[in-house]
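Taken together, the values in this text are just the output of simple stated rules run on the coordinates, not laboratory data. Just so it is clear, the structure is predicted and the values come from calculations on it, not from any experiment. Cβ coordinates were reconstructed from backbone atoms using ideal geometry, including for glycine residues, and neighbour counts include every protein chain displayed.
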There are 2 protein chains.
Amino acid sequence: MNKINRKLEYALMALKYMSQKMPGELTTAKEVSDAFHTPFDATARVMQQMAQKSGILRAEYGANGGYQITKDLAKVSIHDLVEVIEGPTALVKCLHKEAPCEIQGTCNIVSPITDLNHRLTEFYKSLSLKELLVGRVAMPAKKSTEVVAHG
Amino acid sequence: MNKINRKLEYALMALKYMSQKMPGELTTAKEVSDAFHTPFDATARVMQQMAQKSGILRAEYGANGGYQITKDLAKVSIHDLVEVIEGPTALVKCLHKEAPCEIQGTCNIVSPITDLNHRLTEFYKSLSLKELLVGRVAMPAKKSTEVVAHG
DNA sequence: CTTAAATACGCTAAAATTAGGCGTATTTCA
DNA sequence: TGAAATACGCCTAATTTTAGCGTATTTAAG
């Protein structure tokens, strides 16, 4: 439960990286995968998804192309990002797929799970990417020496 | 991200089922796996874990044995239960394992992930099993016709 | 004292999910 | 025309999840 997968990590890395660039400046997938030593294909894919499935990024084609943040990260929630990367969210498949759950009918926790799912979704909707990635601290202007908070 | 696994489902089913019994009455793993058509071994295992790793349940050995809820579910959080079933929690391994994360050093989201992990943990700590399983509505006294909340 | 029913738990195999990589098409700049 | 970039379908490997088997231990009942 509650484990972040690689794609989401790569997306967050890319977004944080891009958020520290000058407005209008482009960032390529290769640039990100080089900077963080992440696999190129997977990195490129999540950036494509953020551009394609959502308007978080804008893609510019061809040589000298790349991506650019186009949405205000304060207005994009973690829930939004997760749905872009992973598709529709649910604690349990049966909540929004026509679920071939073999124990349906006898299951006694549909209501609790539905409730928990709702609360979790609200939690993730309430947290913006800006709040998460930029944090309460003002951006340090210099791009170096990231300070780790708790660990 | 945020998917509930089978073990946790079985644990929640068992707990809800047991919470509707008379105080002092025992429940066997077989009884639960029969009631919900869940695999016996897996069902038995989570009940063992709840008895062994935590004091949520008490086990009585031998024929006529079984389990019994011994903790006030209002005082056991979802976070507690998850840690009993899955062990230490973290959004990402590197947060509490000596992490052989290959990109450590270049990773720029340790701080955001740590922060999110903390918020999530607080969220799960704030929600008790009683609130989740019994809900705001008073127990219906009759054990039948479970009402589904949202869908 | 033997059998049956229950908990306790290590081990292994199957199934499902995740992660990564390959190939190719398309776009654009030089 | 070639190089560099996005776009994306498909396939394979790795990891995780899930289930089941076997066996030991405890206790009630006959």
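A crude spin-label estimate for the pair A:LYS3 and B:ALA59, with each label 7 Å from Cα along the Cβ direction, gives 2.5 nm.
3J(HN,Hα) along region B:45-60, derived from phi through the Karplus expression 6.51 cos²θ - 1.76 cosθ + 1.60 where θ = phi - 60°, amounts to 5, 5, 5, 4, 4, 5, 7, 7, 7, 9, x, 4, 10, 10, 9, 10 Hz, with x in place of Gly and Pro. Across the identical copies, the 7 Å label point of A:MET22, projected outward along Cα→Cβ, sits 7.9 nm from its counterparts, in ascending order.
Among B:THR70, B:THR114, A:THR28, which comes first, second and so on when ranked by fewest other beta-carbon atoms within 10 Å? Intermediate values should be presented prior to the final figure.
Details: B:THR70 13, B:THR114 19, A:THR28 16.
Placing the least packed residue first, the sequence is B:THR70, A:THR28, B:THR114.
The other copies place their A:ALA74 label points at 4.2 nm from this one, listed shortest first, where each point is 7 Å from Cα along Cα→Cβ. Between A:ALA59, A:ALA29, A:ALA90, the GNM of chain A built on Cα springs shorter than 10 angstrom shows A:ALA90 fluctuating the most. What residue among B:PRO112, B:SER33, B:LEU91 has its Cα farthest toward the positive end of the dipole of chain B, where the charges are +1 on Lys, Arg and -1 on Asp, Glu, each on the Cβ? So the residue we want is B:SER33. Of the residues B:LEU129, B:LEU73, B:LEU116, the one that moves most in a GNM of chain B with alpha-carbon contacts below 10 Å is B:LEU116. Cysteines of chain A lacking any other cysteine Cβ under 4.7 Å from their own Cβ: A:CYS107. Restriction of the trypsin sites (Lys or Arg not before Pro) in region B:40-131 to DSSP coil positions whose beta-carbon has at most 14 other beta-carbons within 10 angstrom yields B:LYS53, B:LYS97. Calculated [222 nm] ellipticity per residue, helices only, for the protein assembly as shown: -13000 deg cm²/dmol; basis is -39500 (n - 2.57) per DSSP H run with n ≥ 4, divided by all residues, nearest 500.
Which entries of A:LYS21/A:LYS53; B:LYS21/B:LYS71; A:LYS93/B:LYS21; B:LYS3/B:LYS71; A:LYS16/A:LYS130; A:LYS30/B:LYS3 show an alpha-carbon separation above 20 angstrom in the structure shown? Long pairs (Cα-Cα over 20 Å): A:LYS21/A:LYS53; A:LYS93/B:LYS21; B:LYS3/B:LYS71; A:LYS30/B:LYS3.
Counting from the shortest, the label point at A:ARG119, 7 Å from Cα toward Cβ, is 1.7 nm from the same position in each remaining copy.
Could you work out the longest stretch of chain B that avoids the GluC sites (Glu not before Pro) located in DSSP loops with at most 16 other Cβ atoms within 10 Å?
Working: sites that count: B:GLU25, B:GLU98, B:GLU102, B:GLU146.
It works out to B:26-97.
Given contacts defined as C-alpha pairs under 8 Å and at least six residues apart, what's the relative contact order of chain B, whole-number percent? Can you show the working numbers first?
Numbers: 130 pairs, mean separation 33.0, N = 151.
Relative contact order for chain B comes out at 22 percent.
The string of couplings for region A:69-81 from the Karplus curve (6.51, -1.76, 1.60, θ = phi - 60°) is 6, 10, 9, 6, 4, 5, 10, 10, 8, 4, 4, 4, 4 Hz, one whole number per residue in order, with x for Gly and Pro. Residues whose amide H comes within less than 5 Å of that of B:LEU57, counting only those at least five positions distant or on another chain, are B:ALA51, B:THR70 (H built at 1.01 Å from N in the peptide plane).
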